[in-house]
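Please treat every number below as a calculation from the coordinates, not as lab data. Values in this document were obtained by computation on a predicted structure and should not be read as measured data. Counting neighbours? That spans all protein chains shown, and the Cβs are built from the backbone with ideal geometry, glycine included.
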Amino acid sequence: MSGTLIGYARCSTDEQDLTAQRQHLAELGVTEDRIYLDHGLTGTKRARPGLDQALAAVREGDTLVVPKLDRLARSVPDARAIGDDLAGRGIKLSLGGQVYDPTDPMGKMFFNILATFAEFEVDLLRMRTREGMAVARAKGKLRGKKPKLSPKQQAELRRMHATGEYTIADLTELFSVSRPTVYRTLQRTVS
């Protein structure tokens, strides 16, 4: 790999750690000051500050190094767009040490297969999450967000509103809640 090596690493949640990815990038020759990170951001979202900085830092002849393709993108269109943009700018893309060559049919196929698997993995995770939520809901363990006001406070809010002496603004201030919370509480009696 010629030119400057620019590294990019990402993890989806705040609980995850980037140490292993940073180590892998260092083993691939990327210096610490040239590693850009996104912590707690999903790969399905294209707007990621660390990725934007990494893409802005690479110049013609440089190589963008990522530990795995799924750290760069979690959808085929997004991966292809990033890959095509880099190739168009004369920048190489290294996936875990293997340089992707968009002009080579085998390289292009391999890249597309990796991108498909990254997208498939996200789709499986979403499906499992929905299934788990459905099971929890059926068991009565998933009921949504709890109301901000207790049943007693809700009854008092409705009573005070019914007197006509209190405005919505008065009720928001007295109960320390937002206007939408007051409206939802009042609507619950109507439904």
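Here the stretch 100-116 is the region considered, the condition is being of a type in the set (A, V, I, L, M, F, W, C) and surrounded by 13 or more Cβ atoms within 10 Å (Cβ to Cβ), and the residue that is farthest from the chain's Cα centre (by Cα) is Phe110. Quick one: would you say Ala118 is over 30 Å from Pro77 (Cα atoms) and hydrophobic (A, V, I, L, M, F, W, C)? It is false that Ala118 is over 30 Å from Pro77 (Cα atoms) and hydrophobic (A, V, I, L, M, F, W, C). Counting only residues that are surrounded by 13 or more Cβ atoms within 10 Å (Cβ to Cβ) and at positive phi, the stretch 81-96 holds 1 of them.
Among the candidates Ala47, Ala26, the residue that is of a type in the set (Gly, Ala, Ser) and farther than 20 Å from Val99 by Cβ is uniquely Ala47.
Scanning the stretch 29-48 for residues that are touching a Leu at 6+ places or on another chain (Cβ under 8 Å) and surrounded by fewer than 18 Cβ atoms within 10 Å (Cβ to Cβ) yields a count of 3.
Among the residues making up the stretch 131-149, those that are surrounded by fewer than 10 Cβ atoms within 10 Å (Cβ to Cβ) and farther than 30 Å from Val182 by Cβ are Ala138, Lys139. Look at the stretch 97-118: where a residue is more than 15 Å from Pro67 (Cα to Cα) and a partner is assigned to a strand (DSSP E or B), sitting 6+ places away or on another chain with Cβ atoms under 7 Å, you get Gly107/Tyr100. Whenever a residue of the stretch 39-60 is closer than 17 Å to Arg74 by Cα, its partners that are surrounded by fewer than 14 Cβ atoms within 10 Å (Cβ to Cβ), lying with C-beta atoms within less than 7 angstrom and at least six residues away or across chains, give the pairs His39/Asp14; Gly40/Thr13; Gly40/Asp14.
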